[in-house]
Number of protein chains: 2
Amino acid sequence: MREVAIVGIGCTKFGEMWNKSFRDLFIEAGLMALRDAEVSGAQIEALYGGNMSAGMFLEQEHIGALIADFSGLTTNNIPSTRVEAACASGGLALRSGIIAVASGYHDVVISAGIEKMTDVGAEKAMDALASAADREWEAEVGATFPGLYAMMARAHMHELGTTREQIAQVAVKNHYHGSMNPRAQFRNKITIDTVINSPLVADPLRLFDCSPITDGAAAVVLVPAERAKEFTDTPIYVKAATQASDTISLHDRRSLTSIDATIIAADRAFKMARLQRSQINVAEVHDCFTIAEIMAIEDLGFFEKGAGGPATLAGETAIGGKIPINTSGGLKACGHPVGATGIKQAVEIVEQLRGDAGKRQVDGAEVGLTHNVGGTGGTVVVHILAR
Amino acid sequence: MREVAIVGIGCTKFGEMWNKSFRDLFIEAGLMALRDAEVSGAQIEALYGGNMSAGMFLEQEHIGALIADFSGLTTNNIPSTRVEAACASGGLALRSGIIAVASGYHDVVISAGIEKMTDVGAEKAMDALASAADREWEAEVGATFPGLYAMMARAHMHELGTTREQIAQVAVKNHYHGSMNPRAQFRNKITIDTVINSPLVADPLRLFDCSPITDGAAAVVLVPAERAKEFTDTPIYVKAATQASDTISLHDRRSLTSIDATIIAADRAFKMARLQRSQINVAEVHDCFTIAEIMAIEDLGFFEKGAGGPATLAGETAIGGKIPINTSGGLKACGHPVGATGIKQAVEIVEQLRGDAGKRQVDGAEVGLTHNVGGTGGTVVVHILAR
């Protein structure tokens, strides 16, 4: 299989974008990526779009054709494919684009992610998000996502001794990182008290433990590695693109305190990349809730099981620490337009590896990782990228 | 890129399956394909699932994880990816699986398609289907799919002289083919009078010009061609897998009487396969409405523009004719569970090329083609398969 490189990136501001439509957001991110890669639309050979639920949010399916059309890419009638795996849709769009280039079917490919969530009210948004869980065995009996992750948090605290303060520190650290990211939905710094005193959502999770409802889009341009230097002086190479599934419902899992699909996708990724955990300099992980980041850094193998909370409180996952996690602000502070998140994670890592991350720059970052979760862990996608 | 072969097929009965759920249907088709290929679930390395709109039909997204889970494939935590392009979702799942095998990422892959449409009423089903059109510029001003295809039919009659009888003969021929297919939703033979005297839906299209609302699922097993003989004595080889997009809305197109994405995807396919139109012995084309089949056989290059109607009336597209079209009964008589259709087309062609099509067998079929359309032609996927 051919090696693949990322030669262009684009990402909109994340937030409540009242004055921008689904179509506007996609076009903005796509054009930024094309400009960054210095390619014209005529050079693009295929498009992969990650989107969770435009059907439920906007009553619009056939998203591949829509985004190709409104980006002007139908002049070449390029193949355009929408992929979906709930909140991991963006990660899947990235992996699908990588496979398409690796296969030799296409040379210059855009992988993009998009979600427009704020055009419906909070109740409908929650219901659309609940469609990432098992509708028949979870959602219909009232298990919302905050409720499901609250059970994981409670189990993690009970079994592994993780404290309320350690969990809250994830939000504090990610808001601190987000305060340095011009794209972030929330740029305000907070304290552990802010989190612990915020309204209760699903015990023990409070408002500041939860990622927000967000609009946004992101895109990357992929090419065969041997052609990368035609497009940029600083290509970022794809060292691994792996994916794992698990039971869609939480109650069928081996454990409430680990996400097995993360463990397996990560094992596959490190094997594929022939790299060690210690060689990762920066990572974007799926912190849809604060507890999810603690589970992720443990399941990815950056910390022993149960050591994620103490490491977070000790600052080891902040910029300047042992392994900076979610320098973008993560889902918590940068925002979580579900279909876009997996691509935004790659955009952040590419900026870090290029040395273009400004105030958020991790010194000497050479290798980075992205970790994107669908639902409570029914799908996990991991990518390892390197200079 | 590696060559790919189909070594297993499975397809449920199509129809109003009141006693089978989305999950039941997928499992049934998947197990049939595994048994046919004589592979165990443990050998499957990845899953691609085509589904248009479980979000709107069942309030369920995260379809990849769901189908992997309920098929028992999460024991290996295989990557499972849902793809969507409205009614071309199944064709895309096939092409995505082929690319995954061609890339070397995975060896033994299932591509499946599924739709459960009859759990909601006709009005909600029509609305879900309308999400394949441009919601803002078509559906919201009342353009349903029968309405959009009626405009194409009217233009085709006006510009090319196609007659009401010629169009009706598509349904007559497909019901005749369906009468010999145990999987078909409708197995009753009809006459031109049946069509012409059926209730008007959108002038000039009548009830018997329209494909039905259907439940069903289908699956195929894909492997690298060099490994095909490990699984079967009669592998069917993928000669081409191509895809093209166009504007999502009909009013932006060059023509109302052709689907350009069909013309382009077919040109790409014949170039990739290094075959001529005259070498195709049997084809499954996207007859969501009768007029769509006439446009398809012209746009694919089997007949000159304007010659599709007369050829149909002359019996050239029936079994025994010049090029048998839709031996399964097509979308019209076999049924149209939208996400499953593209895979069912491949299942039918594989049966024909294996010589296993029973009463529907096209003598000496060596090469077959499938043609799957999303919406009014925003996405088209074409495959060429050969013994």
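The values are calculated or read from the model by the stated rules, or taken from the named source; none is laboratory data. Small disclaimer: the values here were computed from a predicted structure and weren't measured. In this analysis, Cβ positions are derived from the backbone assuming ideal geometry, glycine residues included, and neighbour counts consider all displayed protein chains. Surface areas here come from the heavy atoms of the whole protein model, side chains and all, with no ligands, DNA or RNA. Shrake-Rupley method; radii C 1.70, N 1.55, O 1.52, S 1.80 Å.
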Confirm whether residue B:105 is within 30 Å of residue A:260 (Cα to Cα), part of a loop (DSSP other than H, G, I, E, B) and either at the interface with chain A (Cβ under 9 Å from one of its Cβ atoms) or touching a strand residue (DSSP E or B) at 6+ places or on another chain (Cβ under 8 Å) (or both). yes
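Conditions tested, residue by residue: (1) free of Cβ contacts under 8 Å to residues at least 24 places away in the same chain; (2) away from every other protein chain (no Cβ under 14 Å).
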| position | (1), (2) |
| --- | --- |
| B:353 | no, yes |
| B:356 | yes, yes |
| B:362 | no, yes |
| B:365 | no, yes |
| B:369 | no, yes |
| B:377 | no, no |
| B:382 | no, no |
| B:387 | no, yes |
Report, by residue number, each residue of segment A:100-127 that is closer than 14 Å to residue B:103 by Cβ and open to solvent by 10 Å² or more (accessible area, probe 1.4 Å). A:104, A:105, A:106, A:107
Looking at B:191, B:144, which one is among the hydroxyl-bearing types (Ser, Thr, Tyr) and more than 19 Å from residue B:317 (Cβ to Cβ)? B:144
Answer yes or no: is there a residue in segment B:277-297 that is out of contact with any strand residue (DSSP E or B) (no Cβ under 6 Å at 6 or more places or on another chain), in a loop (DSSP other than H, G, I, E, B), more than 15 Å from residue B:379 (Cα to Cα) and not small (Gly, Ala, Ser). no
Flagged in segment A:67-99 as of a type in the set (Gly, Ala, Ser), in a helix (DSSP H, G or I) and open to solvent by 10 Å² or more (accessible area, probe 1.4 Å), in numbering order, are A:96
Kindly provide the set of residues from segment B:43-75 that are over 22 Å from residue B:92 (Cβ atoms) and either among the β-branched types (Val, Ile, Thr) or modelled with pLDDT of 95 or more (or both), ordered by number. B:43, B:74, B:75
Just the residues that are more than 18 Å from residue B:374 (Cα to Cα), buried (at least 24 other Cβ atoms within 10 Å of the Cβ) and among the small types (Gly, Ala, Ser), please, taken from segment B:211-269. B:219
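Out of segment B:162-206, which residues are of a type in the set (S, T, N, Q) and either under 23 Å from residue B:15 (Cβ atoms) or assigned to a strand (DSSP E or B) (or both)?
Answer for segment B:162-206, where residues must be of a type in the set (S, T, N, Q) and either under 23 Å from residue B:15 (Cβ atoms) or assigned to a strand (DSSP E or B) (or both): B:174, B:179, B:181, B:185, B:188, B:191, B:194, B:198.
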Restricting segment B:36-66 to residues that are aliphatic (A, V, I, L, M) and either outside any helix (DSSP H, G or I) or more than 9 Å from chain A (Cβ to nearest Cβ) (or both), the one nearest to residue A:51 (Cα to Cα) turns out to be B:52
Taking residue B:227 as meeting all but one of (1) outside any strand (DSSP E or B); (2) in contact with a Lys or Arg (Cβ under 8 Å, 6 or more places away or on another chain); (3) over 30 Å from residue B:117 (Cα atoms), write down the number of the exception. (2)
What are the pairs with Cβ atoms under 6 angstrom where one residue, in segment B:198-209, is hydroxyl-bearing (Ser, Thr, Tyr) and the other, located anywhere, is open to solvent by 70 Å² or more (accessible area, probe 1.4 Å)? Sequence gap at least six, or different chains. B:198/B:207
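Each row is one residue, and each column tells you yes or no for (1) of a type in the set (Asp, Glu); (2) over 20 Å from the mean Cα position of the chain (by Cα); (3) within 14 Å of chain A (Cβ to nearest Cβ).
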residue: B:163; (1), (2), (3): no, yes, no
residue: B:171; (1), (2), (3): no, no, no
residue: B:186; (1), (2), (3): no, no, no
residue: B:194; (1), (2), (3): no, yes, no
residue: B:200; (1), (2), (3): no, yes, no
residue: B:206; (1), (2), (3): no, yes, no
residue: B:211; (1), (2), (3): no, no, no
residue: B:238; (1), (2), (3): no, no, yes
residue: B:248; (1), (2), (3): no, no, yes
Matching option when the condition is over 30 Å from residue B:106 (Cβ atoms), more than 12 Å from chain B (Cβ to nearest Cβ), at pLDDT 95 or above and part of a loop (DSSP other than H, G, I, E, B), among A:151, A:117: A:117
Please work out if residue A:132 is assigned to a loop (DSSP other than H, G, I, E, B), small (Gly, Ala, Ser), surrounded by 24 or more Cβ atoms within 10 Å (Cβ to Cβ) and touching a residue at least 12 places away in the same chain (Cβ under 8 Å). yes
